[in-house]
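The values are calculated or read from the model by the stated rules, or taken from the named source; none is laboratory data. Worth saying up front: this structure is predicted, and the values here are computed from it rather than measured. Backbone-built Cβ (ideal geometry, glycine too); neighbour counts: all protein chains shown. To get the accessible areas, we keep the full protein, side chains included, count just its heavy atoms, and leave off ligands, DNA and RNA. Shrake-Rupley method; radii C 1.70, N 1.55, O 1.52, S 1.80 Å.
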Amino acid sequence: MRLVLDIQGLMKLQWIIRGLAAIGLALGAVLLFGAPDDPAYRASVERWRQNYEASLKSDDGWLTVSGLFWLHEGDNRFGSDALNDMVLPAGAPAQAGSFVFHNGKTVVHANPGVKFTLNGKPVESAELLPDLPSERLHLGDLTLFVHASGERFGIRLKDKNSKLRKEFTGLHWFPVDEQYRMTARFVAYDPPKQAEIQNILGDFDKMPIVGYAAFTLNGKEYHLEAVPDAPGTVEFVFRDLTSGKETYPAARFLDTDVPKNGTVLLDFNKAYNPPCAYNPYTTCPIPTPQNRLRVAVQAGEKMYNHGQAQ
């Protein structure tokens, strides 16, 4: 009788050990491959991607940029006439006016009979500051404003009826993968590090780098430096081993909330192409040496080239 009880006890012990082993294997799988698929998270990323594409295609989106004209000292005439310094699309006045550029300042003068608006009010002459939403001239479906690229200044043209916008075929993305969503340690620079960051045209813009995020991918730690973006956010401009193969060669962007308590949430499923991926009239920054990752980040937006996503 005692022998039978001992055998039964041994069997129960074996069942307990097997149960613990199974739990251990399940936990190991979670650690190795990530948490089980979260449909709510996946849906939130898909909504974000849809909203991003909608903003790109909007009346004021990057697809409407249809010209970039560098200013030279003195008068810069503009209009639809082919002999202007800046040729506007057909339908605009043949001789719309001129931008007078002198010592880094730009003043617009409208020709008689041409009606511009600035902040919703008619204007005949005004000094324009670069890259401010309040400093945009409107002429029908066209918008013109001063853009600074390093030490150069130009006039950027936006057209609601641009060819790029009409021929846009949509974005392509990697499947949502939860292993690319992670909480990173954030190390702030106090004070922020001032840097000259080169853009795709070779110009250098002075920008503050506020710190770096340290994160682990495939068992190795990587660092990404952040620059200020819209209020309450920072931006990471990075390149990785997918660049030029599966993703846009120059860089991709990743926006996050301002880091808090020494951490920042990085979600590479929301990494997206800079405007230069779609539009030749834009001037995007390229990554600092620190932000060139020797790892393939197969998450976020894929390459877009000549109207065809790949």
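Worth a mention:
- Selection over region 59-92 of residues that are closer than 15 Å to K163 by Cα and among the polar types (S, T, N, Q) gives a count of 2.
- Within region 52-99, the residues that satisfy the criterion of being among the aliphatic types (A, V, I, L, M), over 25 Å from L201 (Cα atoms) and in a loop (DSSP other than H, G, I, E, B) are A82, L83, A94, A96.
- Residue tally, condition more than 25 Å from F69 (Cβ to Cβ) and open to solvent by 10 Å² or more (accessible area, probe 1.4 Å), over region 257-292: 15
- Count of region 159-184 residues which are of a type outside the set (V, I, T), in a strand (DSSP E or B) and open to solvent by 20 Å² or more (accessible area, probe 1.4 Å): 3
- For region 112-131, a residue qualifies if it is farther than 15 Å from G79 by Cβ and not polar (S, T, N, Q), and the qualifying residues are L118, G120, K121, P122, V123, E124, A126, E127, L128, L129, P130, D131.
- Region 269-301, subset of a type in the set (D, E, K, R) and either modelled with pLDDT under 95 or not in a strand (DSSP E or B) (or both), residue farthest from D131 (Cα to Cα): R294
- Pairs are defined by a Cβ separation below 8 Å, a sequence spacing of at least 6 or placement on different chains, a first member in region 242-260 that is in a strand (DSSP E or B), and a second member that is at pLDDT 95 or above and of a type in the set (S, T, N, Q); the pairs so defined are T247/N273; R252/S243; R252/N273; F253/N273; D255/T233; T256/T233; D257/T233.
Quick grid of which residues meet (1) free of Cβ contacts under 8 Å to residues at least 40 places away in the same chain; (2) farther than 16 Å from T143 by Cβ; (3) out of contact with any strand residue (DSSP E or B) (no Cβ under 7 Å at 6 or more places or on another chain):
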position: F78; (1), (2), (3): no, no, no
position: L83; (1), (2), (3): yes, yes, yes
position: P89; (1), (2), (3): no, no, no
position: A92; (1), (2), (3): no, no, no
position: K105; (1), (2), (3): yes, yes, no
position: N111; (1), (2), (3): yes, yes, no
position: K115; (1), (2), (3): yes, no, no
position: G120; (1), (2), (3): yes, no, yes
position: S125; (1), (2), (3): yes, yes, no
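- Taking the criterion of being aromatic (F, W, Y) and open to solvent by 30 Å² or more (accessible area, probe 1.4 Å), the only residue of region 185-194 that qualifies is Y189.
- Members of region 132-158 that are in a helix (DSSP H, G or I) and either touching a residue at least 12 places away in the same chain (Cβ under 8 Å) or of a type in the set (S, T, N, Q) (or both): S134, E135
- Pairs linking a residue in region 191-204 that is closer than 18 Å to P274 by Cβ and in contact (Cβ under 8 Å) with a residue 24 or more places away in the chain to a residue that is of a type in the set (A, V, I, L, M, F, W, C) and open to solvent by 90 Å² or more (accessible area, probe 1.4 Å), with Cβ atoms under 8 Å and 6 or more positions apart or on different chains, are I197/F204; Q198/F204.
- Condition check for D159: touching a Lys or Arg at 6+ places or on another chain (Cβ under 9 Å) and acidic (D, E): yes
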